[in-house]
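Step one of this worksheet: look at the structure below.
The values are calculated or read from the model by the stated rules, or taken from the named source; none is laboratory data. Everything numeric here is computed off the predicted structure, so don't read it as measured data. Quick reminder, even Gly has a Cβ in these numbers, built from the backbone with ideal geometry, and neighbours come from all protein chains shown. Side chains included, ligands, DNA and RNA excluded: accessible areas come from the protein's heavy atoms. Shrake-Rupley method; radii C 1.70, N 1.55, O 1.52, S 1.80 Å.
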Amino acid sequence: MNTILNLIYQAYDNAAYFGVLALIFLATIAIVLAVYFLLTRKNVLQKRMGHLMPEKETTTAKKPKLLDKQESGFVVKITKPLHEVAAPQDGSANKKLRGKLIRAGFRSEGAVRNYVAAKVLLAVLFPGIYLFSLFFFTFTPQVLLFSAILALCGFFLPNVFMLHHTQARQQKISRALPDALDLMVVCVEAGLGLDMTFKRIGDEIRPLSKDLSDEFHLTTLEIRAGKPRDESFKNMALRTGVAEVGNLMTVLVQTSRFGTSMAKALRVHADAMRVKRRQLAEERAAKSSVKLVFPLIMFIFPALIAVLVGPAAIRIIRVLFPALGG
């Protein structure tokens, strides 16, 4: 109760400070909304055309809007100038960045532009809000240091988001790959060609893993467009970044090059993957006992000691100490 009263007294004493923060917050929201409506407003002709020709509803899966492909609108008007200023000019660096975004699942043309713009905006926005909140107060070296830390956090926050999204996507692909490989063995042994096998797997595996299904469909489209099959397989391994997919593509390339039995090679590879998956499960089970040591020492053992030794310690303090003291 005293803590709550102290907090209330502190808020009452600093009412001017919190009032200024509230006004700054409301003013920022008003400015952002004004800029948004100014850039996205439509004229009378566009509104009438929108009523006469409504947009068709799509049933595609939802994507993160920040890195999605958008040719016009509020996002492009902001991100395009920032991309021209802050984008890497080196072609290899730009290609490497695009490869990372593709492995994260963002294949649109505006993904690189929006990613670079997000890094710049967050690096400026975080310290900008903090410094603007202290506009009417004194600046100290600690404030400047904290602003620099916020700028670094804002600059590297998109990297963390992309890394998390990439790992989640690779994990989904790894989980669905054994089932896709078993289906591939069945299709090849049934007499289907490799191109038709990829198309069938892309259709059948979609309820289990949309990402892996998209990769099979993209590989099929590349082969139909005239790319060499070996190059299409290598591109699939690069797009996913999963070691198991790379091994599977290597097996397919070698089988096609040397003319060996496709069904036999896939069956051997499927058995090897199954054994590897079992070994990984056994390894995780063996590591669990070691990982439980730290929670036992830090949380469970102190509670057990308190329960077991506590009553004896209380009796010693009550009985033995007065006797020793005379």
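Looking only at the stretch 202-214, count every residue that is open to solvent by less than 60 Å² (accessible area, probe 1.4 Å) and more than 21 Å from the chain's Cα centre (by Cα) and tell me the total.
Qualifying residue count for the region: 2.
Which number in (1) open to solvent by 90 Å² or more (accessible area, probe 1.4 Å); (2) farther than 30 Å from SER174 by Cα; (3) of a type in the set (Val, Ile, Thr) marks the one condition that VAL290 misses?
Just one mismatch for VAL290, condition (2).
Per-residue answers, yes or no, for (1) among the hydrophobic types (A, V, I, L, M, F, W, C); (2) touching a residue at least 12 places away in the same chain (Cβ under 8 Å); (3) on the phi < 0 side of the Ramachandran plot:
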residue: GLY226; (1), (2), (3): no, no, no
residue: LYS234; (1), (2), (3): no, yes, yes
residue: ARG239; (1), (2), (3): no, yes, yes
residue: SER261; (1), (2), (3): no, no, yes
residue: LEU266; (1), (2), (3): yes, yes, yes
residue: GLN279; (1), (2), (3): no, no, yes
residue: ALA285; (1), (2), (3): yes, no, yes
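Can you find even one residue in the stretch 193-200 that is more than 16 Å from ARG107 (Cβ to Cβ), at pLDDT below 85 and not in a helix (DSSP H, G or I)?
yes
Matching residues to (1) in contact (Cβ under 8 Å) with a residue 12 or more places away in the chain; (2) more than 22 Å from the chain's Cα centre (by Cα); (3) not in a helix (DSSP H, G or I):
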{"residue": "GLY128", "(1), (2), (3)": "no, yes, no"}
{"residue": "LEU150", "(1), (2), (3)": "yes, no, no"}
{"residue": "VAL160", "(1), (2), (3)": "no, no, no"}
{"residue": "MET184", "(1), (2), (3)": "yes, yes, no"}
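Of the conditions (1) farther than 21 Å from ASP182 by Cα; (2) among the charged types (D, E, K, R); (3) within 24 Å of the chain's Cα centre (by Cα), GLU231 satisfies every one except a single condition; which number is it?
Only one criterion in (1) farther than 21 Å from ASP182 by Cα; (2) among the charged types (D, E, K, R); (3) within 24 Å of the chain's Cα centre (by Cα) is unmet by GLU231, namely (3).
Every residue in the stretch 158-181 that is of a type outside the set (S, T, N, Q) and open to solvent by less than 80 Å² (accessible area, probe 1.4 Å), please. Reasoning before the result, please.
So the first thing to find is which residues in the stretch 158-181 are of a type outside the set (S, T, N, Q), and the list is 158, 160-165, 168-169, 172-173, 175-181.
Answer for the stretch 158-181, where residues must be of a type outside the set (S, T, N, Q) and open to solvent by less than 80 Å² (accessible area, probe 1.4 Å): PRO158, MET162, HIS165, ALA168, ARG169, ILE173, ALA176, LEU177, PRO178, ASP179, ALA180, LEU181.
Given the condition open to solvent by less than 70 Å² (accessible area, probe 1.4 Å) and closer than 18 Å to ALA168 by Cα, answer yes or no: does some residue in the stretch 182-201 qualify?
So far as the stretch 182-201 goes, no, none of its residues is open to solvent by less than 70 Å² (accessible area, probe 1.4 Å) and closer than 18 Å to ALA168 by Cα.
Out of ASN114, ASN94, report the one residue that is assigned to a helix (DSSP H, G or I), open to solvent by less than 80 Å² (accessible area, probe 1.4 Å), at pLDDT below 75 and not small (Gly, Ala, Ser).
After applying the criteria, what remains is ASN94.
Would you check if there is a residue in the stretch 207-215 being part of a loop (DSSP other than H, G, I, E, B) and among the polar types (S, T, N, Q)?
yes
Looking at the stretch 224-233, is at least one residue assigned to a helix (DSSP H, G or I) and either closer than 17 Å to SER174 by Cα or open to solvent by less than 40 Å² (accessible area, probe 1.4 Å) (or both)? Reasoning before the result, please.
Step one: list which residues in the stretch 224-233 are assigned to a helix (DSSP H, G or I), which gives 224, 229-233.
So of that shortlist, the ones also either closer than 17 Å to SER174 by Cα or open to solvent by less than 40 Å² (accessible area, probe 1.4 Å) (or both) come out as 232-233.
Yes - at least one qualifying residue is present in the stretch 224-233.
Please tell me if HIS217 is in contact (Cβ under 8 Å) with a residue 12 or more places away in the chain, in contact with a helix residue (DSSP H, G or I) (Cβ under 6 Å, 6 or more places away or on another chain), more than 23 Å from THR166 (Cα to Cα) and open to solvent by less than 70 Å² (accessible area, probe 1.4 Å).
No.
For residues that are of a type in the set (A, V, I, L, M) and modelled with pLDDT of 85 or more, scanning just the stretch 247-264, find the one that is most open to solvent (accessible area, probe 1.4 Å).
Let us first name the residues in the stretch 247-264 that are of a type in the set (A, V, I, L, M), namely 248-249, 251-253, 262-263.
Those still in the list that are modelled with pLDDT of 85 or more too: 248-249, 251-253.
Numbers: LEU248: 2, MET249: 6, VAL251: 33, LEU252: 0, VAL253: 14 Å².
This residue is VAL251.
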